[in-house]
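The values are calculated or read from the model by the stated rules, or taken from the named source; none is laboratory data. Fair warning: this is a prediction, and the values are worked out from it, not measured in the lab. We place every Cβ from the backbone using ideal geometry, glycine too, and count neighbours over all the protein chains shown.
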Amino acid sequence: MKKQQAAKERRSRLLLVGGIAGVVLVIAGIVGVTIYRDVSTRPTLDAVQEFDGLTADHVTEPVEYDQTPPVGGNHHPVWLNCGVYDVEVPANHAVHSLEHGAVWVTYRPDLPADQVEALVDSVPDTYMIVSPMEGLQAPVVASAWGVQLELDGVDDRRLEQFVRDYRQGPQTPEPGAACTGGTDESGMGGAAMEQPSS
């Protein structure tokens, strides 16, 4: 009787351990497939252009940049307030915001209003600048300090990945510095700027 009881308990334990091991294997398989699917469908940023050796001096004279839009270089001492603009913004102020870790998403001025709205809705609220710009080679261009990506349109999945990788990213010279209290599209005013005398 004791042998039968011991054998029964051993079988029960083996079934329990086997059941737990089976559940663990199923969970591990589900997690593995999910991770693989996420990695395999993540958009690649192979087309990101990188620009090294950028200067970062504060200057008050006009600056001519090599890229459109610029991705770094000398810039105005006062940064552009991060946000959404419906007019072209002063590049020398926007570059200062890039130095602080912002991503600047520019779009062609002839982009339909519903696409501009979709673009604005698709990006985070902080450390982002969205504005139109003449002369873009692509419908939408995402820029951060030292990096740039031309996009096929507002629904290009690479935009989300670019923002995730480069907003306050490792390339940022002054991460966490202010993105408010600077100036707006007029290039005037702002808490950090001397006010014009009346």
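Restricting attention to region 49-71, does a residue exist that is assigned to a loop (DSSP other than H, G, I, E, B), among the hydroxyl-bearing types (Ser, Thr, Tyr) and modelled with pLDDT under 85? Looking through region 49-71, none of the residues is assigned to a loop (DSSP other than H, G, I, E, B), among the hydroxyl-bearing types (Ser, Thr, Tyr) and modelled with pLDDT under 85. Scan region 92-112 for residues that are without any contact (Cβ under 8 Å) to a residue 40 or more places away in the chain and surrounded by fewer than 23 Cβ atoms within 10 Å (Cβ to Cβ) and jot them down. Arg108, Pro109, Asp110, Pro112, listed by residue number.
Consider region 108-136 and keep the residues that are small (Gly, Ala, Ser) and not in a strand (DSSP E or B). The one that is nearest to Asp46 (Cα to Cα) is Ser122.
For region 137-161, which residues satisfy the criterion of being in a loop (DSSP other than H, G, I, E, B) and either closer than 20 Å to His75 by Cβ or in contact with an Asp or Glu (Cβ under 8 Å, 6 or more places away or on another chain) (or both)? Working first, answer last.
Step one: filter region 137-161 for residues in a loop (DSSP other than H, G, I, E, B), giving 137-139, 145-146, 152-157.
If the condition is that a residue be in a loop (DSSP other than H, G, I, E, B) and either closer than 20 Å to His75 by Cβ or in contact with an Asp or Glu (Cβ under 8 Å, 6 or more places away or on another chain) (or both), then Gln137, Ala138, Pro139, Trp145, Gly146 are the ones that fit.
Selection within region 162-173: residues that are out of contact with any strand residue (DSSP E or B) (no Cβ under 6 Å at 6 or more places or on another chain) and not in a loop (DSSP other than H, G, I, E, B). The member of this set that is surrounded by the fewest Cβ atoms within 10 Å (Cβ to Cβ) is Arg164.
Could you say whether any residue in region 31-44 is within 18 Å of the chain's Cα centre (by Cα) and at pLDDT 85 or above? No - not one qualifying residue is present in region 31-44.
Could you go through region 67-90 and let me know if any residue there is loosely packed, with under 10 Cβ neighbours inside 10 Å, in the same structural domain as Arg158 (by TED's automatic domain parsing) and touching a strand residue (DSSP E or B) at 6+ places or on another chain (Cβ under 9 Å). I'd like the intermediate steps shown before the answer.
Looking only at region 67-90, we keep the residues that are loosely packed, with under 10 Cβ neighbours inside 10 Å, and these are none.
Checked region 67-90: no residue is loosely packed, with under 10 Cβ neighbours inside 10 Å, in the same structural domain as Arg158 (by TED's automatic domain parsing) and touching a strand residue (DSSP E or B) at 6+ places or on another chain (Cβ under 9 Å).
Considering only region 118-150, how many residues are touching a residue at least 60 places away in the same chain (Cβ under 8 Å) and closer than 14 Å to Cys82 by Cα? Spell out the reasoning first.
Taking region 118-150 and keeping what is touching a residue at least 60 places away in the same chain (Cβ under 8 Å), we get 133, 135-137, 141, 143-150.
Keeping just the survivors that are closer than 14 Å to Cys82 by Cα gives 143-144.
Total meeting the criteria: 2.
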